[in-house]
Amino acid sequence: MKSPLAANELNSLHQSLEGTAPQEIVRTAIQLFGDQLILACSFGAEDVVLADMLFRINPQGRLFYLDTDFLFPETFVVRDRFIQRYDLQTNQIIPMKSALTPEEQAAQYGEALWLRDPDQCCKLRKVDSLTKILRHYQAWITGIRRDQSPTRASAKIVEWDTKFGLVKWNPLAAWSWDQVWTYIREHDVPYNELHDQHFPSIGCTHCTAPVLPGENLRSGRWKQFTKTECGLHPVKQAD
Ligand code: SF4
């Protein structure tokens, strides 16, 4: 898809929003894209902050989540608390499932694909679903923060997503983990209780482990592999 904003316009927007409060960035995204904007929500700490901001500013806003069939039960508890708290309708909280059931995946690709080829497993259960939903939107919001990992260090506030062909907003790019948690506590935002059990980053049950104090916040994901991303966000090094 062609960007509704030219590259230099996106860059100017990014520069003008650098240092702006995330709520204002979300507000700007809503003003520019309206119902062509959607939030990608894993119900992790960053995403619940963004969901709270989104629904406070636009109670008709939309989010989607990737239901891989391997999510923790605690993730669905947060989802249900969001539905209740923000009175969300079914068209506002969209589950995206893989085209294959776990059984069909095992029959076609073998058992426990995540142990042998997690990139292929993430493609089948996450990336393909993401591609499918983003096709219907002009812009998406993500919870990327620059200090999450070296591969996210150069994330802009707003940028063109070359992989999926739409505008990508990263309102929390400049925030720290502490700022995220301050917001959650100050606004009493529902959050995944696994965060209280040393799981700073939460994905599928097969590929998420707790982390030790001082370890990178995403180091509990795909612990036995060098893999650091699902394929939703490009792996790029800091400029
Ligand atoms: S996180 Fe693991 S189980 Fe989930 S889709 Fe990726 S490889 Fe498969």
**Message:** Regarding the range 207-216, can at least one residue be identified that is on the phi < 0 side of the Ramachandran plot and not in a loop (DSSP other than H, G, I, E, B)?
**Reply:** yes
**Item:** Residue in the range 187-210 that is surrounded by the most Cβ atoms within 10 Å (Cβ to Cβ), counting only those that are among the aliphatic types (A, V, I, L, M) and within 16 Å of the ligand (Cβ to nearest atom)
**Value:** Ile202
**Asked** Checking Met96 against (1) in contact with an Asp or Glu (Cβ under 8 Å, 6 or more places away or on another chain); (2) surrounded by fewer than 16 Cβ atoms within 10 Å (Cβ to Cβ), which test does it fail?
**Response** (2)
**Request:** Please note which strands (runs of 3 or more DSSP E) are completely contained in the range 94-200 and include at least 1 residues that are under 17 Å from the mean Cα position of the chain (by Cα) and among the polar types (S, T, N, Q).
**Result:** none
**Message:** Against the conditions (1) small (Gly, Ala, Ser); (2) exposed (fewer than 15 other Cβ atoms within 10 Å of the Cβ); (3) in contact with a helix residue (DSSP H, G or I) (Cβ under 9 Å, 6 or more places away or on another chain); (4) outside any loop (DSSP other than H, G, I, E, B), where does Ala51 fall short? Just the number, please.
**Reply:** (2)
**Item:** Members of the range 1-22 found to be touching a residue at least 60 places away in the same chain (Cβ under 8 Å) and aliphatic (A, V, I, L, M), listed by number
**Value:** Met1, Leu5, Ala7, Leu10, Leu13, Leu17
**Request:** Determine, yes or no, whether Thr28 is under 21 Å from Lys126 (Cα atoms), in a helix (DSSP H, G or I) and at pLDDT 95 or above.
**Result:** no
**Asked** Which members of the range 24-47 meet the condition of being polar (S, T, N, Q) and either free of Cβ contacts under 8 Å to residues at least 40 places away in the same chain or touching a Leu at 6+ places or on another chain (Cβ under 7 Å) (or both)?
**Response** Thr28, Gln31
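If you go through the range 13-41 one residue at a time, how many are surrounded by fewer than 22 Cβ atoms within 10 Å (Cβ to Cβ) and either in contact with a Phe, Trp or Tyr (Cβ under 7 Å, 6 or more places away or on another chain) or within 16 Å of Val78 (Cα to Cα) (or both)? Working first, answer last.
Looking only at the range 13-41, we keep the residues that are surrounded by fewer than 22 Cβ atoms within 10 Å (Cβ to Cβ), and these are 13-21, 23-24, 27-28, 30-36.
Add one more test, that the residue is either in contact with a Phe, Trp or Tyr (Cβ under 7 Å, 6 or more places away or on another chain) or within 16 Å of Val78 (Cα to Cα) (or both), and what stays is 36.
Residues flagged as surrounded by fewer than 22 Cβ atoms within 10 Å (Cβ to Cβ) and either in contact with a Phe, Trp or Tyr (Cβ under 7 Å, 6 or more places away or on another chain) or within 16 Å of Val78 (Cα to Cα) (or both) within the range 13-41 amount to 1.
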**Request:** Enumerate the pairs (first residue in the range 115-132 and farther than 24 Å from Leu39 by Cβ and among the aliphatic types (A, V, I, L, M); second residue anywhere and part of a helix (DSSP H, G or I) and within 7 Å of the ligand (Cβ to nearest atom)) with beta-carbon separation below 6 Å, excluding pairs fewer than 6 apart on the same chain, so at least 6 apart or on different chains.
**Result:** none
**Residue selected from the range 79-93 under the condition outside any helix (DSSP H, G or I) and surrounded by 12 or more Cβ atoms within 10 Å (Cβ to Cβ), by the criterion farthest from the ligand (Cβ to nearest atom)** = Tyr86
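The values are calculated or read from the model by the stated rules, or taken from the named source; none is laboratory data. This structure is a prediction, so every number in the text was calculated from the model and none was measured. Every residue, glycine as well, gets a Cβ built from its backbone with ideal geometry; the counts of neighbours run over all protein chains shown.
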